[in-house]
Each structure stands twice: as structure tokens, then as C-alpha cells.
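Structure first, then comments.
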Amino acid sequence: MKTIYSIFLFLISFTVSSQITEFDSEEAKTAIENQIESLGLNDYQKTKFKEINQIYQQKLFDLKNSDKQRFTKFKILQKLQNEKDDEIKMLLNKEQFKAYKNYQKQRRNRIRTNIVFD
């Protein structure tokens, strides 16, 4: 079951990344700004949150455009997601991190809905 879930996340992530044609798209900026607002971040947290997201957005963009095999990309993607979550967890307080994880879950559900009905 864990393998099926992992494969599903992998497919979702590449579907999402293929929908974003530019690395620094307005859509991505808007999503980050919405997260910042909903999490109630202070000025320091806002700056760091944006930096972390930009770093990992670039890494995902590079991964998407690499010539690595799909399974290898999937493993790297999982590692990057865990690393990013670890950095975000250190930045946010418990309530904010819980809201952050909830936002991710809602986003995954929206993506699943779009995949199923598109």
C-alpha cells in the first residue's frame, strides 16, 4: 500500500510540475503568498519561507528537466520533499506547521480531483 501511495504521489508531483511551464511563474508566487497569509507568518518567517520555497522550486525544476529515469526522479523527489518539510518545520511553530501540512493535504486532494476529472 505504501508503494502504491508513493507511486501516486510521484505521478501527481510530475503532473503538477508539468503544469508549471516557467520556473518562477505568477501562479507559484500566488500560491506561496496565499500560504504565507493563511499561516500568519511574521516578517522573518515570510522571508525564510520564500527563500526555502524558491530553493526547492529550483531543485524540482532541475529534477523535472533532468534526464534521470523516472524511478530515480521519484526517489530524489521524495528526498527533496522531506528535506523541505524539515526546514519548514524548524521555521514554523507547531500550529503553523500543522496548518502547513493541512494545506499540502488539501492541495494534493485538489490535484487528485483535477487528474481524475481532466
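The values are calculated or read from the model by the stated rules, or taken from the named source; none is laboratory data. Model, not experiment: these values are computed from the prediction. Positions of Cβ are backbone-derived with ideal geometry, glycine not excepted, and every protein chain shown enters the neighbour counts.
Of the residues that make up segment 78-99, is at least one surrounded by 15 or more Cβ atoms within 10 Å (Cβ to Cβ), among the aromatic types (Phe, Trp, Tyr) and farther than 24 Å from residue 36 by Cα? The answer is no, given that none of the residues of segment 78-99 is surrounded by 15 or more Cβ atoms within 10 Å (Cβ to Cβ), among the aromatic types (Phe, Trp, Tyr) and farther than 24 Å from residue 36 by Cα. With the condition kept exactly as written, say whether any residue in segment 49-58 is among the hydroxyl-bearing types (Ser, Thr, Tyr), surrounded by fewer than 15 Cβ atoms within 10 Å (Cβ to Cβ) and at pLDDT below 95. Within segment 49-58, not a single residue is among the hydroxyl-bearing types (Ser, Thr, Tyr), surrounded by fewer than 15 Cβ atoms within 10 Å (Cβ to Cβ) and at pLDDT below 95.
Can residue 72 be described as modelled with pLDDT under 95, out of contact with any Cys (no Cβ under 9 Å at 6 or more places or on another chain) and within 24 Å of residue 26 (Cα to Cα)?
No; evaluated as a whole, the condition is false for this residue.
Just to be sure before I move on: is residue 4 of a type outside the set (S, T, N, Q) and at pLDDT 95 or above in the structure I sent? No. In the set (1) free of Cβ contacts under 8 Å to residues at least 12 places away in the same chain; (2) over 19 Å from residue 99 (Cβ atoms); (3) not hydroxyl-bearing (Ser, Thr, Tyr), the condition left unmet by residue 28 is number (1).
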